[in-house]
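Student: Below you will find the structure I want to go over with you.
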Amino acid sequence: MCLICDRIEMIKNGINPYFVKELETGYVVIGDHQHFYGYSLFLYKHHENITELFQLEREEKLKFLEEMSLVAEATSKAFGAEKMNYELLGMGDAHLHWHLNPRRKGDIGNYGNNGAGPVWWYPMEKMYSDDNRPSAEKLESMKEKLRIELEKLI
Ligand SMILES: [Zn+2]
């Protein structure tokens, strides 16, 4: 089982504290670490042998992409992004999942190209530092903000 399948299992069992909302093709969750405030993920519902966007049937793929775009819009509005960043990677866990990062000028400090560039130009140990984990209270308020914006769009 992969980490994302585990997290989805927790959602189904009602014990995933990061869970925000279920959509038709996936689950919206808040990221574990919040260096990029509002970092959220959209997890595709299925894994099995699917590891690439192009393996999905056309209708399903378009729905998944549309819903991802709505989650990004809600994330942007809920957390005040200057620009959204979208990533579907999968060398860690091949399960289809979008990383949706609200970006703001200066958020990678002096790293990258004079402070500009993708989130992964910021050092991993800083991005995933325990200092960036939201408190239970903060997490609840973030989930509520995102849920409100999602409900306006869906
Ligand atoms: Zn999986």
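Student: Between A116 and Y86, what is the FRET efficiency for a Förster distance of 25 Å, r being their Cβ-Cβ separation, to the nearest 0.05? Write out the running numbers ahead of the final one.
Tutor: On the way: r = 17 Å, r/R0 = 0.68.
Calculated value: 0.90.
Student: Among L43, L23, L53, which one moves the most in a GNM of the chain with springs linking Cα atoms closer than 10 Å?
Tutor: Evaluated over the chain, the most mobile residue of the options is L53.
Student: What share of Cα pairs, in percent, lie more than 19 angstrom apart in the chain? Don't skip to the answer; put the middle values down first.
Tutor: Details: 6351 of 11781 pairs.
The calculated P(r) of the chain puts 54 percent of pairs beyond 19 Å.
Student: Which FRET efficiency value, to the nearest 0.05, is calculated for K63 and K105 with the Förster distance at 30 angstrom and r the Cβ-Cβ distance? Write down the numbers at each step before the final one.
Tutor: Working: r = 34 Å, r/R0 = 1.12.
FRET efficiency, K63 to K105: 0.35.
Student: Within region 1-109, report the GluC sites (Glu not before Pro) that DSSP leaves as loop and that have at most 13 other Cβ atoms within 10 Å. Don't skip to the answer; put the middle values down first.
Tutor: Working: sites: E9, E22, E24, E48, E52, E57, E59, E60, E66, E67, E73, E82, E87; in loops: E24, E48, E52, E57, E82.
Those that pass, being in a loop and sparsely packed, are E24, E48, E52, E57, E82.
Student: Also: Given a 10 angstrom Cα cut-off, can you work out which residue in M124, M142, M91 is the most mobile in a GNM of the chain?
Tutor: With Cα springs under 10 Å in the chain, the top fluctuation among M124, M142, M91 is at M91.
Student: Also: Could you list which residues have their amide H under 5 Å from that of K21, counting only those 5 or more apart in sequence or on another chain, with H placed in the peptide plane?
Tutor: Under 5 Å from the amide H of K21 lie the amide H atoms of V28, each far enough along the sequence or on another chain.
Every number in this text was worked out from the coordinates using simple rules, so none of it is lab data. Every value quoted in this text rests on a predicted model; they were computed, and no experiment measured them. Cβ coordinates were reconstructed from backbone atoms using ideal geometry, including for glycine residues, and neighbour counts include every protein chain displayed.
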